[in-house]
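Take a look at the structure below.
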Amino acid sequence: MSTIKDNTVQVVFVSLLLDLLAFTMILPLLPALLDYYRDVESDQGLYFKILHYIQSARKLFNAPDKVSTVLYGGFLGSMYSFLQFLSSPIVGALSDIYGRKPLMLFCLTGILLSYLLWALSFNFTIFVIARFVGGISKGNISLSMAIITDVTSPKTRGKAMALVGIAFSIGFVVGPMIGAFFAWSSSNNREGTWYIIPAIFASFITASDLCFVAFNLKESLPEKCRALSLKSGISGAMTYINPIDLFQFNGVSGLSSQDKKSLKTLGYAYFVYLFLYSGLEFTLTFLTHYLFQFTSMQQGWMFLGIGLVMALLQGGWVRTIPPNRTKSTAELGLWLIIPAFVCVGLAENLLILSIGVFLFAISTAMVVTCMMTLVSRIGPENQKGVITGVFRSLGALARACGPIIASSAFWCIGSKTTYLIGAVLLVFPPLILQSIKSL
């Protein structure tokens, strides 16, 4: 039995790694893609209709014209995260009824379709549809968390969740490097549909992931442990996408009052943290580009360093943290992100910037893994899918809102003030987490 469980965790790790490699490939390609659609679209196309509103926002914030592409990328990124916010809890709840594997295959099929649409996106409208399909299909990550929760005990769960963190670290290091290679190749040839090659490569990776999961993933939720049904009607569906219901975890049944209180407190702490963190993380590339004149290659080395630190910590120390120290480790990580952003905000030389980025990597390696481990301990077994889905959805909502707010502040009041205000507000997540006494 333990061998089957170990194999399941390994399958989830490989699946997540393949998914993240394909997902992060597009990140360094976005500027070139947006330039391409600007050149090929007519004045009446969707690209220029959206650009009209972005230019209005740019003038309102008195931002330089060269940031229009950044604002455009922020719009697409926020749309993607918002769709994840809508889909994650519904997919998680459905997996509690029909099993994890069918929903995992469904999500991966949707992601594959999004990359195939990208390969066919001869205009910007099709590209936006591709991103829409990809975002709404991105429930596979919350499903991965639910599967790990199914097959691990409280003692081994932290170690398994750390593997998820390692997959993210490797994916966000190697994936953008692959994308950067395609970006470099495309810089020499921007004629024609150059984006087809990276899109087909992402499709190939995702098709491999789909086949790998279909043949190797064992169903982790036995029929006897499954929920009987979703809440009925429109009001039931709204329970899984209404932010008020999500913060209250109203879509989860069978919770004790103490469990519900703990989940709500964890949800508040996670949302506030990711809202502030994702916004400041999003503007980090702007700061290094405009204040330190980093090239794309230098930024690539910066993120390579962040990813390596995270992978080493999660592969070594974080996965060995005993269950009784998970909460204190999460709190420590939440406190560490404060001096990280103070250093980045006040940095006037590379040494202070490097210290801030190093603390940023250490904190990131600790927080999300430990908080996902904490939330996986709460609630009945037949509700783990919806619990992790709601938790991931709150994170997606935070990531949909944070970059827009932080980017606006970045151009209105400057990077230093933005980072210092963010650092002050980041005092709240560890204080909220400390209020939970039962974990």
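The values are calculated or read from the model by the stated rules, or taken from the named source; none is laboratory data. Since this is a predicted model, take the numbers as computed values, not measurements. Methodologically, a virtual Cβ is constructed for each residue, glycine included, from the backbone with ideal geometry; neighbour enumeration extends over all protein chains shown. Quick note on the areas: whole protein, heavy atoms, side chains included, nothing else; ligands and nucleic acids left out. Shrake-Rupley method; radii C 1.70, N 1.55, O 1.52, S 1.80 Å.
Listed options for semi-axes √(5λ) of the Cα gyration tensor in Å are [x] 45, 31, 21; [y] 63, 42, 22; [z] 33, 26, 21. The value calculated from this structure is the one marked [z].
Helix 296-315 and the longest principal axis of the Cα set of the chain meet at an angle near 10°.
Residue-wise HN-Hα couplings along the range 416-421, as the Karplus relation 6.51 cos²θ - 1.76 cosθ + 1.60 with θ = phi - 60° gives them from phi, are 4, 5, 4, 5, 5, 5 Hz; Gly and Pro carry x. If only the Cβ of Lys and Arg carry +1 and only the Cβ of Asp and Glu carry -1, the dipole of the chain around its Cα centre is close to 1100 debye. If you average the alpha carbon positions of the range 278-349 and of the range 104-180, how far apart do those two centres end up, in angstrom? When both Cα centres are located, 21 Å separates them.
Rg ratio for the range 399-438: its Cα radius of gyration over 2.2 N^0.38 Å, N being its residue count, equals 1.47.
Probing with 1.4 Å while keeping every protein chain in the model, the per residue accessible area of the range 91-163 equals 32 Å². The percentage of C-alpha pairs in the range 277-360 whose separation is greater than 19 Å is 43%. Only Cα sites of the range 86-182 enter the Debye sum here, all with the same form factor; the resulting log10 I(q)/I(0) across q = 0.12, 0.13, 0.16, 0.18 1/Å is -0.50, -0.58, -0.82, -0.97, listed in q order.
Only protein heavy atoms count here; on that basis, with a 1.4 Å probe, Tyr80 has an accessible area of about 10 Å². Between Ile413 and Phe204, what's the calculated FRET efficiency when r is the beta-carbon distance and R0 is 35 Å? Round to 0.05. Computed FRET efficiency for Ile413 and Phe204 comes out at 0.20. Relative to the longest principal axis of the chain, what angle (0 to 90°, nearest 10) does the C-alpha long axis of helix 350-376 take? That helix lies at roughly 30 degrees to the long axis. Normalised by 2.2 N^0.38 Å, with N the number of residues, the alpha-carbon radius of gyration of the range 356-439 equals 1.33. Candidate cross-link partners of Lys49 among the lysines, defined by an alpha-carbon separation under 26 Å and a same-chain spacing of 8 or more, comprise Lys59, Lys66. Only protein atoms count toward the accessible area here, which uses a 1.4 Å probe; on the range 238-368, the carbon and sulfur part of that area reaches 68 percent. Potential lengthening of the chain between Phe286 and Ile97 amounts to 63.6 nm, from the contour at 0.36 nm per residue minus the alpha-carbon distance. Spin-label pair Phe428-Ile352: with each label point 7 Å from Cα along the Cα-Cβ axis, the two points sit 2.7 nm from one another. Simple spin-label estimate for Ser153 and Ser256 gives 2.0 nm between the two label positions (7 Å along the Cα-to-Cβ direction from each Cα). The C-alpha atoms of the chain define a longest principal axis, and helix 257-292 lies at about 20 degrees to it. The 1.4 Å probe gives accessible areas that order Ser208, Ser121, largest first, as Ser208, Ser121. Karplus-based coupling profile of the range 394-400, in residue order and whole Hz: 4, x, 5, 5, 4, 6, 6, with θ = phi - 60° in 6.51 cos²θ - 1.76 cosθ + 1.60 and x standing for Gly or Pro.
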